[in-house]
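Engineer: So that we are looking at the same thing, I have put the structure below in structure tokens.
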Amino acid sequence: MQARFSESDLSIADAIPKVELHCHVEGALRPSTAIELATRHGLPLPERMASRDERRGALTDYGSLNDFLDDYWKGQMLLQTPDDWYRLAYESILDGAARGLRYRESFFTPARLLAAGQTLDSIVSGLSRGLADAEADTGAAGVLICDMDRAYGAAAGLQLVQELVALRPRTVIGVGIDSTELGVDLREYAEALRLAKRGGFRIATHAGEDTGPENIRIALSMGVERIDHGLSVLEDPELVREVGDRVIPFTVCPSSNELIAKKTTIQTHPLRRMFDQGVLVSVNTDDPGFTGVDLGMEYALLPENGWTLDGVQQLAEDAVTSSFLEPAAKFGLYQEIEQHFAALGSQAGGRG
């Protein structure tokens with residue numbers, strides 16, 4: 001993947017008011033922060049971060065999903081204290097706000113850290129303080145979705161949700177499922193998802209990135225409200241019609257699917273076809289600290305996937321629609337996006 005945009009392209013893309021719904025907060029770790037934490041805690045640095053060029057447009061292309069996960073897990077282990085989690089959350093919003101972010105629902109996946117002796121309360125406390133201070137400094141708001149890690153199994157997932165329901169942190173609005181899809185039966189997580197829903201949490205899950213459309217069907221049958229990735233939905237026309245009729249949001253990560261999952265390129269990515277066939281989609285970064293693709297760059301790449309200015313506005317608005325925000329908050333964001341594109345169209349002398 002090559003960054004084929006000018007400073008003007010990036011400036012226009014950065015200025016778009018944005019909502020992001022698929023960003024792993026651990027995956028937003030700055031390489032410079034990772035280096036500091038690795039030195040402080042005497043831990044190994046993620047391999048590609050050790051030589052990462054942080055200039056904008058210097059991207060990291062992983063050889064495979066497993067290569068990425070090895071770096072990601074090492075990055076997670078650098079987060080040893082509540083202050084580390086605070087810094088991670090604070091910097092993630094700070095970096096997003098510089099690229100037009102107004103609101104983000106970030107995943108965090110604590111299983112590995114809980115197994116190493118940290119507590120859910122301390123992790124959430126650090127993240128929550130970081131999000132609050134970042135909003136005070138930038139105006140960009142952030143909330144959290146606590147993901148169960150499929151690598152640790154359904155029993156650990158259920159225990160995590162039980163702790164979350166007992167803790168009831170204000171900043172955690174949802175429960176999700178991530179990590180490897182292969183060889184995992186989503187139905188094993190049904191009890192945990194039922195408990196999360198009874199506890200008042202919204203439900204999302206990663207599905208259809210490494211598996212076929214049946215995995216998406218299973219997720220929907222379990223009451224999942226939003227699908228993360230979901231690329232294989234196009235393999236099942238009946239499922240495409242169903243998710244369109246039910247207005248099920250799909251949070252899509254084009255650059256991640258090219259650089260990490262090795263599924264497609266920006267030019268051939270199914271995002272445009274999903275949209276054209278009636279799927280509610282949004283554009284997201286997934287793991288910007290590791291790939292180097294920030295939210296502004298993600299939008300700047302959209303023309304290579306066949307998007308015009310009108311379509312980009314629709315994507316920005318559809319991200320708001322796909323969020324778990326209350327209607328009044330959504331209305332304010334719709335207005336801001338509409339006003340921004342109206343002004344942009346006037347400056348450009350029309351839209352194409």
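The values are calculated or read from the model by the stated rules, or taken from the named source; none is laboratory data. Owing to the predicted nature of the structure, the values given are computational and were not obtained by experimental measurement. Virtual Cβ from ideal backbone geometry, glycine too; neighbours counted across all protein chains shown. Calculation scope for accessible area: heavy atoms of the full protein, side chains included, ligands and nucleic acids excluded. Shrake-Rupley method; radii C 1.70, N 1.55, O 1.52, S 1.80 Å.
Engineer: Under 9 Å between Cβ atoms, which residue pairs at least 6 apart in sequence (or on different chains) link something in the stretch 330-352 that is surrounded by 11 or more Cβ atoms within 10 Å (Cβ to Cβ) and of a type in the set (Ser, Thr, Tyr) with a partner that is modelled with pLDDT of 80 or more and assigned to a helix (DSSP H, G or I)?
Structural biologist: 334/317; 334/320; 334/321
Engineer: Taking only the stretch 36-56 into account, find how many residues are among the hydrophobic types (A, V, I, L, M, F, W, C), at pLDDT below 95 and open to solvent by 10 Å² or more (accessible area, probe 1.4 Å).
Structural biologist: Residues in the stretch 36-56 being among the hydrophobic types (A, V, I, L, M, F, W, C), at pLDDT below 95 and open to solvent by 10 Å² or more (accessible area, probe 1.4 Å): 2 in total.
Engineer: Picking from 189, 103, which residue would you name as being part of a helix (DSSP H, G or I) and in contact (Cβ under 8 Å) with a residue 40 or more places away in the chain? Full working, then the answer.
Structural biologist: Numbers: 103 fails: part of a helix (DSSP H, G or I).
The unique qualifying residue is 189.
Engineer: Pick from 292, 223, 244: which is of a type in the set (Gly, Ala, Ser) and in contact with a helix residue (DSSP H, G or I) (Cβ under 7 Å, 6 or more places away or on another chain)? I'd like the intermediate steps shown before the answer.
Structural biologist: Values: 292 fails: in contact with a helix residue (DSSP H, G or I) (Cβ under 7 Å, 6 or more places away or on another chain); 244 fails: in contact with a helix residue (DSSP H, G or I) (Cβ under 7 Å, 6 or more places away or on another chain).
Sole residue among the options that is of a type in the set (Gly, Ala, Ser) and in contact with a helix residue (DSSP H, G or I) (Cβ under 7 Å, 6 or more places away or on another chain): 223.
Engineer: Identify, please: which residue in the stretch 255-298 is touching a His at 6+ places or on another chain (Cβ under 9 Å), among the charged types (D, E, K, R) and under 26 Å from residue 15 (Cβ atoms) and is, among those, most open to solvent (accessible area, probe 1.4 Å)?
Structural biologist: Here the answer is 258.
Engineer: I'd like the full set of residues that are modelled with pLDDT of 95 or more, closer than 25 Å to residue 332 by Cα and in a helix (DSSP H, G or I), limited to the stretch 269-309.
Structural biologist: Once the filter is applied, which keeps residues that are modelled with pLDDT of 95 or more, closer than 25 Å to residue 332 by Cα and in a helix (DSSP H, G or I), the stretch 269-309 yields 275, 295, 296, 297, 298, 299, 300, 302.
Engineer: Give me the residue from the stretch 116-140 that is hydrophobic (A, V, I, L, M, F, W, C) and in contact (Cβ under 8 Å) with a residue 40 or more places away in the chain and, out of that set, farthest from residue 79 (Cα to Cα). Full working, then the answer.
Structural biologist: To start, the set of residues in the stretch 116-140 that are hydrophobic (A, V, I, L, M, F, W, C) comprises 116, 120, 123-124, 127, 131-132, 134, 136, 140.
Of the ones still in play, those that are also in contact (Cβ under 8 Å) with a residue 40 or more places away in the chain are 120, 123-124, 127, 131, 134, 140.
Values: 120: 13, 123: 9, 124: 12, 127: 11, 131: 16, 134: 18, 140: 23 Å.
Restricting to residues being hydrophobic (A, V, I, L, M, F, W, C) and in contact (Cβ under 8 Å) with a residue 40 or more places away in the chain, the top hit is 140.
Engineer: Among the residues of the stretch 264-281, what is the count of those that are within 23 Å of residue 62 (Cβ to Cβ) and without any contact (Cβ under 8 Å) to a residue 40 or more places away in the chain?
Structural biologist: 6
Engineer: Can I ask one more? Do you know which residues across the stretch 73-99 are under 30 Å from residue 119 (Cα atoms) and touching a strand residue (DSSP E or B) at 6+ places or on another chain (Cβ under 8 Å)? Step through it out loud before you land on a result.
Structural biologist: The first filter runs over the stretch 73-99 and keeps only residues under 30 Å from residue 119 (Cα atoms), leaving 73-97.
89, 92, 93, 96 - these are the residues of the stretch 73-99 that are under 30 Å from residue 119 (Cα atoms) and touching a strand residue (DSSP E or B) at 6+ places or on another chain (Cβ under 8 Å).
Engineer: Is it the case that residue 58 is assigned to a loop (DSSP other than H, G, I, E, B), farther than 23 Å from residue 341 by Cα and hydrophobic (A, V, I, L, M, F, W, C)?
Structural biologist: Details: assigned to a loop (DSSP other than H, G, I, E, B): yes; farther than 23 Å from residue 341 by Cα: yes; hydrophobic (A, V, I, L, M, F, W, C): yes.
Yes; evaluated as a whole, the condition is true for this residue.
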